[in-house]
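First up is the structure itself, then whatever we jot down about it.
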Amino acid sequence: MTADYSGTQKLNYLNNGFTLKSWLLTKDHKRIAIMYLITISLFFLAGGIFAATIRLEMLTPASDLLQTGTYNKVFTAHGILMIFFFLIPSIPAVLGNFLLPIMIGAKDLALPRINLLSLYIYWIGGLFTVWALLQGGVDTGWTFYTPYSTTFSNTYVMAVGLGIFINGFSSILTGLNFIVTVHTMRAPGMTWFRLPLFVWAQYATSLVMILGTPVIAITVLLLAIERFAQVGIFDPAIGGDPILFQHMFWFYSHPAVYIMVLPGMGVISELISNFSRKKIFGYEFIAFSSIAIAVFGFLVWGHHMFVSGQSIYAGLVFSFLTMVVAVPSAIKMFNWTATLYKGSISFDTPMLYGLGFMGLFLIGGLTGLFLGAMGLVVHLTDTYFVVAHFHYVMVGGQVVAYLGGIHYWWPKMTGKMYSEFWGKISAMLVFIGFNLTFFPQFILGYLGMPRRYASYPEEMQVLNIFSSAGASVLGVGMIMPLIYLGHSLIYGKPAGDNPWLLPGLEWRTSSPPPTENFEVMPVVTWEAYEFGEDSGLDLEAARAREAAKV
Amino acid sequence: MNIPRYLGVFAVLVVGTILTYYAATVDLDFIFPGANTLVALLIAFTKMTCVMLFFMHVYWSPRLIWLSAVASFFWLAIMFAYTMQDYLTRDIGVFMQ
């Protein structure tokens, strides 16, 4: 809580009402973001427990901890919770919700009631899914492939499907809200090309959300129609085609990868530029590469289906387009690297996460090209190589970016500084633990170890032990922020309004921000990532900080 | 838009529904195989356009809303086109072998 010179408490979004009702019926985007943060963290914890169970089972070649059927349910629950209830909503719903209006100089999102509705829909979808998982779970894998989810299903497929169906509307409404907000609520002077790249990334993500999410909802609906009304859609016995399910599923779920990673890229653009104290290299290229990823991301879904029975000609087209979609991601990587060049780099905790992202996403992205090559993928499909690849993108990319973003904006969100020492330790543990967990899986996959089996040949045990050991290091690295960030809420030093001395609009309001975000509507007269005289920054303080670093 | 016009659009939707039912009872395969499906889709498309333009007020909306509406159809077309490229070439075999 901040105080003015007279000693009275300044009103901010946290102390503006303490009742449960003031939280549950709030229309303040910042409070809604905090409620998302708490819920998403719980889902992350639950998904993490399932991950730990998987790695424990994989310590030994035999399926001794879990029965094979239970193992199927455990990895399915891990995938569903992590993807639909953590990765997809995490950065947009938490960081996007909290920061997007502030970064463009708005009082709130354009549709505050819709924003609260999104949260409630997310809660209802989440509770429904958790209920279904507790009732008996699902054993289809998070992809719900037919005929596992139709002809041969004997688990709670439709109940979990309904939970995901409901949750999809939360994504759509959040995306819609962000798009309307960016179009209509920008402060005077905040032109499109002065928008922070985090906002561009959120905008591109929102496009994918509203264009793609309805398709997964329709797919789940068709699944229900086939199961309950016996209309032949996916089941060949009654005139359907199981590969049609994969087309429809991946039409959403491949772009969903970009729903997960694009916001992370937005966070990284902020971290790399701001902690290098240098204007970002190729602003327009990074902005448009986000849009290009959003568009091209819709054209490559068939690379998940190379060995499904899909036409080889369709495979050729999807393979080519997969190589094309790597270009805008590469543009971002090159531009971030060029931004670092001759920058005044600070190795604060958020930047450690930012640099970690660059290394891990590079490996994740490049191994994606292996899996986009039609010949090689025949050997690698459904092996641990695929598991390692998408964890490098999802965890090494998105989760690391999310953690970086949480650390970066924590002082703004709470008004308190956390322990830099423990922050750095945690960031390094995450990086080391992650690589120890997932790099051996590339080798295991190349050697032919299939995914989704509870047992494996004995000669693969050593690498699996490395992987499980790494998972425990990663787990410690992930749990540590819960402790020291929680500790900072009570014992942390006051952060001040601009602890990192940065020019963005969010650093020009108090920490934590007032309910209306700004006491006076800001007028933007400077370019994005402007560290010079024109930015209105306290340059003397910035120089003192530089000197202290030296 | 006044109420009589809304009722007019509603009437078009009802007629479309009746036509869909009627078309389903007639075997149109003599025109070409699958003609029934095409007719049903055409009627559905017409009804959907009416709903979008008038009930959802797109007709009176700014160009940005038009762009959004057209974009959603473009995306639908992408999904159909790329899915059909699989179905239409699946039986050709590998390099015509």
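Could you give the size of the charge dipole of chain A about its Cα centre, using +1 on the Cβ of each K and R and -1 on the Cβ of each D and E, expressed in debye and rounded to the nearest 20?
Computed about the Cα centre, the dipole is about 620 debye.
For the pairs A:K10/A:K30; A:K30/A:K412; A:K107/A:K493; A:K279/A:K332; A:K332/A:K416; A:K107/A:K412, flag any whose C-alpha to C-alpha distance is greater than 21 Å.
Long pairs (Cα-Cα over 21 Å): A:K107/A:K493; A:K332/A:K416.
Percent relative contact order of chain A, based on C-alpha pairs within less than 8 angstrom and at least six residues apart?
Taking the mean separation of contacting Cα pairs over the length of chain A, I get 18 percent.
Just how far, in whole angstrom, is the range A:59-84 from the range B:32-97 if you go by their alpha carbon centroids?
40 Å
Counting partner chain Cβ atoms within 10 Å of every residue's Cβ in A:307-313, what's the average?
Average per residue, whole number: 5.
Taking all protein chains as present, what is the carbon and sulfur share of the accessible area of the protein assembly as shown, in % to the nearest whole number, probe 1.4 Å?
72 percent
Could you work out the helix-only [θ] at 222 nm for the protein assembly as shown, with each DSSP H run of four or more residues adding -39,500 (n - 2.57) and the total divided by the number of residues, to the nearest 500 deg cm²/dmol?
-22000 deg cm²/dmol
Aspartates and glutamates near A:K424 by alpha-carbon distance under 20 Å, same-chain residues fewer than 8 away left out - which ones?
A:E270, A:D348, A:E546
With every protein chain kept in place and ligands, DNA and RNA left out, what is the accessible area per residue of the protein assembly as shown? Probe 1.4 Å, answer in Å².
On a per-residue basis, the protein assembly as shown sits at 44 Å².
What order do you get for B:18-27, A:330-339 when each peptide is scored by the mean count of other beta carbon atoms within 10 Å, highest first?
Put in order of decreasing packing, that is A:330-339, B:18-27.
Classify the protein assembly as shown from the C-alpha gyration tensor, please: rounded if a/c falls under 1.5, else prolate or oblate depending on whether a/b exceeds b/c.
Here the protein assembly as shown falls in the oblate category.
What whole-number distance in Å separates the alpha-carbon centres of the range A:200-228 and the range A:285-321?
17 Å
The values are calculated or read from the model by the stated rules, or taken from the named source; none is laboratory data. Computed from a prediction, not measured in an experiment: that's the story for all the values here. Cβ coordinates were reconstructed from backbone atoms using ideal geometry, including for glycine residues, and neighbour counts include every protein chain displayed. Quick note on the areas: whole protein, heavy atoms, side chains included, nothing else; ligands and nucleic acids left out. Shrake-Rupley method; radii C 1.70, N 1.55, O 1.52, S 1.80 Å.
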